[in-house]
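The values are calculated or read from the model by the stated rules, or taken from the named source; none is laboratory data. Keep in mind that this is a model prediction, so the values were computed, not measured. Reconstructed Cβ throughout: ideal geometry from the backbone, glycine too, with neighbour counts over all protein chains shown.
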Amino acid sequence: MPANLKQLLDRQKEMPGCSLQQAFYKDPDIYRREMEKIFFADWIYACHISQLAEPGDCETFDIDTESVIVCRDQQMKIQAFANVCRHRGSRICPSGSSKNKRLSCPYHAWTYGLDGKLLVARLMPDDFDKSEYGLKNVSVEVFGGFVFVNLSENPAPFDEVKSKLQSALAPFEFENTRLAHYESHPIDANWKLTYENFFECYHCGPAHKEYAASHSLSLDQNRRDSYREKLVEQAMDAGISTERVEISETMSADLPQYYHHRSALYDDFKTASEDGQPVAPLLGSIKAYDGGASDIMIGSLTYLVAYADHAVLYRFTPRSVDVTDAELFWFVRADAAESDVDLERMKWLWHVTTIADKKIIEANQQGVNSRFYQPGPYSPMEAPTAGLIEWYLARIS
Ligand code: FES
Ligand SMILES: [Fe+2]
């Protein structure tokens, strides 16, 4: 560990429960270390199986120096490869979606099967052994139709995440959903400020009047609990789990994290639309609108907010030390007719909320950049953010 990082970490230990020192939000060397220790070591959401419906459907996921191709092969298996040609290293697939019978490199046309095997290498010597030059595999896991990749050579197991969240996710049947809408919001701030913001609802009252008008999560614990009894009853009738799955206790562990909690919307809200009325048909096996919202953490880096009729997945992708993309993916039932999904009303809440978050997170970074900035204490309502910072410090130590 670099000496200056050791010093910073020691100093940070002297201020438990406080935000990070400035260097953590600005230093390019720390950023490089974070890529290695966190983003190249953890499970990250790449795409949804509905985007890989047929053999040859491919999606890329790009982060920092890396790009991953995820595709459905001829046997309908989901495969993930480093998007790096084994000839001289060119990117093979462009960013985004593509449909390919084979994966052909645009440089000298080396061509790979959807299983990653090298099939064609033009004009190479007779004794060239193609079997030695298949695409490099990237670890991939599918859970609830969400496809996760892990760039590590020895990825931490994902099994515990799956087993702990299985029953909470089951009624939504996310494997039978489709991506209905996608947005990416570039935020001029270090990635940790976006995560810190997302982990706490202390700011929801002052910053998100639209969210606070419907979600009891914006209240402190005592007032929130007063809405809970009714929700538990309604959720049970609707077939939705309200069982809390606590964030993994060992925040220092290298294992991916998980979390589930369902909290109440206010009385007349069936879902997260402006008027509280449904925006899409009920998901999965859900029988009724219970008036709840599930916050779910799948692995350490991916979050889902699930209502009875739609869900929004969040991915925060660092683009540089001071730019982060907040990416949002909206899901509805796969068999919902276009006419049964009111896209505008569905995307409204998390669209306006993310625009507001962008503003406050960027203002946060501007203040953190100041010579007058010093780490400040998290409030009790920001306990999850304080926990996140503990986890972060353990990870990069
Ligand atoms: S770099 Fe891909 S074929 Fe040459
Ligand atoms: Fe927010």
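Quick notes on this one:
- The criterion of at least 2 residues that are in the same structural domain as Tyr314 (by TED's automatic domain parsing) and surrounded by fewer than 15 Cβ atoms within 10 Å (Cβ to Cβ) is met by the following strands (runs of 3 or more DSSP E) wholly inside the stretch 115-187: 177-187.
- Candidates in the stretch 91-114 are the residues that are among the aromatic types (Phe, Trp, Tyr) and in a loop (DSSP other than H, G, I, E, B); of these, the one that is farthest from Tyr182 (Cα to Cα) is Trp110.
- Taking the stretch 290-322 as the range and being farther than 30 Å from Asp27 by Cβ and not in a strand (DSSP E or B) as the test, the residues that pass are Asp290, Gly291, Tyr307, Ala308, Asp309, His310.
The rows are residues; the columns are (1) modelled with pLDDT of 90 or more; (2) away from ligand 2 (no atom under 16 Å from the Cβ); (3) not in a loop (DSSP other than H, G, I, E, B).
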| residue | (1), (2), (3) |
| --- | --- |
| Tyr211 | yes, no, yes |
| Met236 | yes, yes, yes |
| Glu243 | yes, yes, no |
| Pro256 | no, yes, no |
| Tyr259 | yes, yes, yes |
| Ala288 | yes, yes, no |
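- Scanning the stretch 36-60 for residues that are farther than 21 Å from Val147 by Cβ and touching a residue at least 24 places away in the same chain (Cβ under 8 Å) yields one hit, Lys37.
- Filtering Tyr303, Tyr307 for residues that are within 22 Å of Glu34 (Cβ to Cβ) and surrounded by 15 or more Cβ atoms within 10 Å (Cβ to Cβ) leaves a single hit, Tyr303.
- Test: residue in the stretch 77-89 that is polar (S, T, N, Q), farther than 26 Å from Val142 by Cβ, free of Cβ contacts under 8 Å to residues at least 60 places away in the same chain and away from ligand 2 (no atom under 16 Å from the Cβ): no
- Exactly one residue out of Arg33, Arg86 is farther than 22 Å from Asp325 by Cβ and at pLDDT 95 or above, and it is Arg86.
- Residue check for Asp325: assigned to a helix (DSSP H, G or I) and surrounded by 15 or more Cβ atoms within 10 Å (Cβ to Cβ): no
Conditions (1) within 30 Å of Ser184 (Cα to Cα); (2) modelled with pLDDT of 95 or more; (3) within 16 Å of ligand 2 (Cβ to nearest atom); (4) touching a strand residue (DSSP E or B) at 6+ places or on another chain (Cβ under 7 Å), marked per residue:
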{"site": "Asn100", "(1), (2), (3), (4)": "yes, yes, no, yes"}
{"site": "His108", "(1), (2), (3), (4)": "no, yes, no, no"}
{"site": "Asp127", "(1), (2), (3), (4)": "no, yes, no, no"}
{"site": "Ser139", "(1), (2), (3), (4)": "yes, yes, no, yes"}
{"site": "Leu151", "(1), (2), (3), (4)": "yes, yes, no, yes"}
{"site": "Phe158", "(1), (2), (3), (4)": "yes, no, no, yes"}
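- Residue ID - farthest from ligand 1 (Cβ to nearest atom), chosen from residues in the stretch 355-377 that are part of a loop (DSSP other than H, G, I, E, B) and in contact with a Ser or Thr (Cβ under 6 Å, 6 or more places away or on another chain): Gly376
- Criterion: touching a strand residue (DSSP E or B) at 6+ places or on another chain (Cβ under 8 Å), farther than 19 Å from Pro155 by Cα and surrounded by fewer than 18 Cβ atoms within 10 Å (Cβ to Cβ) - qualifying residue of Pro94, Pro2: Pro94
- Among (1) under 30 Å from Ala363 (Cβ atoms); (2) surrounded by 15 or more Cβ atoms within 10 Å (Cβ to Cβ); (3) modelled with pLDDT of 95 or more; (4) touching a Ser or Thr at 6+ places or on another chain (Cβ under 8 Å) - the single one Lys192 does not satisfy: (4)
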